[in-house]
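Each remark here refers to the structure printed beneath this line.
Just so you know, all these numbers are worked out from the coordinates, no wet-lab data involved. Because the structure is a prediction, the values reported are computed rather than measured. Ideal geometry is used to build each Cβ from the backbone, glycine not excepted, and the neighbour counts take in all protein chains shown.
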């Protein structure tokens, strides 16, 4: 997704673009996203502020919020049919937890001029039927069809003369003081800018793997809810997340299915994945029924796993690295379309030599 968005951004800016895909476009983690995108740099503004300071934390959140809105506007302008819709979101405090930390998070975001408001338990129950201590409300999160979205950006890039080569794995990248050479099986490309939009370091960049931790998230989609069950569930227009460890995310499709994700864990060996998927699907359905007892007994129709690569502070890396003079990276996007869009704009500005102060917030150097 980041690669297709970056190809479009650079081609639209007048650059000559060649996109190399080792397999097929949309067959990796991007197409297995849970369909959600957020407007925040990381779940906790307070923790980021403690690590990086108020200015950097605020810049990261403002850039992320702007990216979410600009993504929706760009999709509309390009006419991409990806079922995209901006929605409000609630981060729920489970009944067994105190609301002190969540209230403080909301308060500090408001004090910093960021988007947040506190929802009391009674108002939360009236809106969603969820029994909880309370929740923090955010605006400009969204839902989309991730595969249609990335294919839409790929088509838009091709209209602007970007060239795509699938089944074209990169074997090696070398560089000197003036240029980089991207070596393929049957040829090479000489360039002054290589955008590495793989979400996480591949074996070409083993030294960078230490900057991320690798996990997997599980996602289930239910059968459509009946009218009687829908009437008990309440509002289905709001995205719901929580403060569980690991956290969950929930949204409702237009045909009244629940898409529920969570159960994050370290990555499973490929030979065990099918067995673990069955276990995690059952676990998620149980946890969903705890959140909404009204849907107990509803069956899942789909379940899948999503690979994630987290940065140390969960803020994406986008931009150059001092050890790779002509290469620009986008890691830690978590297959979130708004993060991918933000990364694509930063990489475009890198290629044009027009980076700005806010871009430095997402650089490797912020914690190296």
Any idea what the relative contact order of the chain is, in percent, if you count C-alpha pairs under 8 Å spaced at least 6 apart? 24
Rank-order 296-309, 130-143 by packing density, defined as the average count of other C-beta atoms within 10 Å over each peptide's residues, highest first. 130-143, 296-309
Translational diffusion of the stretch 82-163, µm² s⁻¹ [Kirkwood Rh, Cα pairs; Stokes-Einstein; 4 °C; 1.567 mPa s]: 86
Which of rounded, prolate or oblate describes the stretch 193-296 when judged by the alpha-carbon gyration tensor and an a/c cut-off of 1.5? prolate
Using the per-residue mean of other Cβ atoms lying within 10 Å as a proxy for protection, in what order, highest first, do the peptides 212-218, 354-360 fall? 212-218, 354-360
For peptides 105-113, 333-341, 88-96, sequence by mean Cβ density within 10 Å, most packed first: 333-341, 88-96, 105-113
Going by a ≥ b ≥ c, the root eigenvalues of the Cα gyration tensor, does the stretch 281-368 fall in the rounded group (a/c under 1.5), the prolate group (a/b larger than b/c) or the oblate group? prolate
So what is the relative contact order of the stretch 1-103, in percent, for Cα pairs below 8 Å that sit 6 or more residues apart? 16
Across 5 Å bins from the origin, how do the percents of Cα pairs in the stretch 218-366 run, short distances first? 2, 8, 15, 16, 13, 12, 11, 10, 7, 4, 2, 0
So for the stretch 1-56, using the alpha carbon gyration tensor with a ≥ b ≥ c as root eigenvalues (a/c under 1.5 gives rounded; past that, a/b versus b/c decides prolate or oblate), I'd call it oblate
Contact order relative to length for the stretch 66-214, counting C-alpha pairs under 8 Å separated by 6 or more residues, stands in percent at 20
